[in-house]
Amino acid sequence: MKKILAIVLALVFVFSMAAFAENSKTVVTIWHTFTKDQQAYLEKAAADFTASQDKYDVQVISQAYAGFTDNVKSSVRSGIGPDIIFNYASEAAEYVNDGLVANLSKYIYADDEFADAFDESLAEGIMQGEVKGFADKNIHYLPAYTTGPIFFYNKTLYDELNLTVPTTWEEMEANCRTIKEQKGIAGLGFDSLTDCLQGFIMEDPDSTYINVDEKTVGFDTDSMKARVQWLADMQTEGLFMLKPTSDYFSNDMSSGLVAGYIGSCAGYPYITMPEGQELGVAPMPAQTWFPSWNRGPIVFYYNDDARVEGAYEFIKYFISAEVNLGWVQAVNALAPYSWTQELDAYKEYVSQDTLAVQSLNAVAAHLDIAGSLPAVTGASTVRNEIRDAVIAVAFNGVSVDEAWSACVANCNAALQN
């Protein structure tokens with residue numbers, strides 16, 4: 001598979017260089033895993049930008065979802081990877097120490113007019129915690145849309161069983177017990193077990209997530225071990241499903257295998273309820289901290305300033321008000337930038353009385369407690385380790401003490417590079 005991947009990547013590189021030679025434009029490649037409307041809009045934006053000027057040719061290349069970030073890492077470090085991917089600040093942080101991500105600050109602040117608008121464009125938590133939160137104090141990523149986890153549930157089933165939408169995890173467990181007893185199916189799934197765990201850590205008064213100065217995690221606590229064991233027990237009892245049967249729980253929801261799940265508001269269009277069943281959406285349980293997701297372009301650096309400049313110019317175009325509006329509509333997301341939020345068309349978009357907009361409102365309901373997590377080297381590993389620890393306890397028979405101790409040790413090693 002590695003040999004095949006190397007051949008495919010080499011061919012992509014060759015074709016890109018051929019395109020460059022043919023049209024005398026600097027080629028900028030975007031690798032992505034978007035589907036349907038998102039892919040179509042991204043391709044249109046790239047084509048429109050390419051046609052708008054004569055220096056850069058932006059090419060959009062679809063990739064498999066499985067193993068995407070690992071494939072990107074391998075190809076970037078081999079010098080034949082993409083110029084742009086869409087991901088989180090924590091993923092960009094994985095490349096900072098090796099100098100493999102571009103410093104976008106020097107382009108943003110070389111344009112005084114844009115820089116002034118940019119500095120006022122994002123919420124303080126996003127700007128300082130993510131965009132400007134990298135260890136080297138440079139900007140290596142920009143958000144393009146805001147989503148977040150919400151609670152999708154079978155409203156028909158909830159009404160039949162006289163269940164109230166839960167606002168706490170205790171209420172969620174009680175509902176799931178009733179659903180299991182009455183219907184024989186799990187009451188809850190998690191599209192991102194990682195983000196659920198991060199929320200538990202951030203809301204735990206005895207724990208902290210990452211101590212940036214000490215480069216250690218602060219969740220080696222009895223309370224977090226108890227929470228991990230609780231999740232594993234819920235899986236064992238059949239009350240929760242910690243793994244979907246495919247990539248996302250939207251398929252399990254559509255098939256009636258689960259009565260509800262916590263997933264991105266952007267997943268709403270992919271749910272097709274069984275005939276006669278109605279979908280409901282609501283905020284997920286959260287009291288003091290909420291993991292809003294601000295995903296956007298990361299630009300890689302291959303000692304080629306022309307490619308970085310082209311990538312930056314495309315991103316500047318992509319996050320401009322009108323283009324950004326079209327993107328957040330395609331993704332079913334909220335706009336992070338004030339210049340998009342101020343558009344009358346955006347205000348109309350978020351005021352519609354549809355289930356899609358209700359899913360956005362379920363995110364917006366918690367934005368007052370939304371927070372960001374440190375974008376430092378090792379942060380991506382921490383995300384994976386906390387998830388894998390729960391899986392080890394729930395499915396592999398590993399004790400919670402053993403799994404969580406290994407998780408903490410691996411996290412600290414990654415943070416300390």
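Here are the numbers for this structure:
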quantity: Amide proton proximity set for Val58, modelled H, under 5 Å, gap of 5+; calculated: Val28, Thr50
quantity: Cα-based helix-to-principal-axis angle, 355-364 vs the chain, degrees rounded to 10; calculated: 90
quantity: Leading residue at positive end of dipole, the chain (Cβ point charges), from Val299, Ala117, His32; calculated: His32
quantity: Rounded to 5, percent antiparallel among DSSP beta bridges of the chain; calculated: 60
quantity: For Ile391, Ile126, order by how many other beta-carbon atoms lie within 10 Å, fewest first; calculated: Ile391, Ile126
quantity: Selection from Thr221, Phe249, Gln198 lying farthest towards where the dipole of segment 195-264 points positive, charges on Cβ; calculated: Phe249
quantity: Cα-centred dipole magnitude for the chain, charges only on beta-carbon of K, R (+1) and D, E (-1), debye, nearest 20; calculated: 1120
quantity: Rule-of-thumb Rg ratio for segment 197-333 [Cα; 2.2 N^0.38 Å; N residues]; calculated: 1.41
quantity: Dipole-positive endmost among Ala51, Thr164, Ala174 within the chain (Cβ charges, Cα centre); calculated: Ala51
quantity: Where the Cα pairs of segment 61-182 fall when distances are cut into 5 Å bins, in %; calculated: 2, 8, 15, 14, 12, 9, 9, 9, 9, 7, 5, 1, 0
quantity: Debye, to nearest 20: dipole size of segment 165-296, +1 on Lys, Arg Cβ, -1 on Asp, Glu Cβ; calculated: 300
quantity: Scattering profile of segment 335-417 at q = 0.15, 0.20, 0.21, 0.25 Å⁻¹ [log10 I(q)/I(0), Debye over alpha-carbon scatterers]; calculated: -0.75, -0.89, -0.93, -1.12
quantity: Between segment 160-215 and segment 277-354, the Cα center-to-center distance that results, in Å; calculated: 26
quantity: Coarse-grained scattering of segment 34-86 at q = 0.14, 0.21, 0.22, 0.27 Å⁻¹, given as base-10 log I(q)/I(0) from a Debye sum over alpha-carbon atoms; calculated: -0.45, -0.87, -0.91, -1.07
quantity: Net charge of Cβ neighbours under 12 Å - reference Trp230; Lys, Arg +1; Asp, Glu -1; calculated: -2
quantity: Inter-label distance, nm, simple model (7 Å from Cα along the C-beta direction), Lys183/Trp230; calculated: 2.3
quantity: Segments 395-403, 185-193, 166-174 sorted - mean Cβ within 10 Å per residue, highest first; calculated: 185-193, 166-174, 395-403
quantity: Local net charge near Thr381, Cβ-Cβ under 15 Å (Lys/Arg +1, Asp/Glu -1); calculated: -2
quantity: Under 15 Å, Cβ to Cβ, from Met253 - net charge with Lys/Arg +1 and Asp/Glu -1; calculated: -2
quantity: Protection-proxy order for peptides 215-223, 138-146, each taking the mean of Cβ atoms within 10 Å per residue, highest first; calculated: 138-146, 215-223
quantity: Ser24 paired with Thr156, simple spin-label distance in nm, labels 7 Å along Cα-to-beta-carbon; calculated: 6.2
quantity: Largest-first principal axis extents of the Cα set of segment 183-266 (Å); calculated: 47, 29, 18
quantity: Fluctuation leader among Ala375, Ala282, Ala47 - the chain, Gaussian network, Cα springs under 10 angstrom; calculated: Ala47
quantity: Burial order of peptide ranges 113-123, 232-242 (average beta-carbon count within 10 Å, highest first); calculated: 232-242, 113-123
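Each value in this text was obtained by applying a stated rule to the coordinates, not by laboratory testing. Remember, it's a predicted structure, so these values are computed and weren't measured experimentally. Positions of Cβ are backbone-derived with ideal geometry, glycine not excepted, and every protein chain shown enters the neighbour counts.
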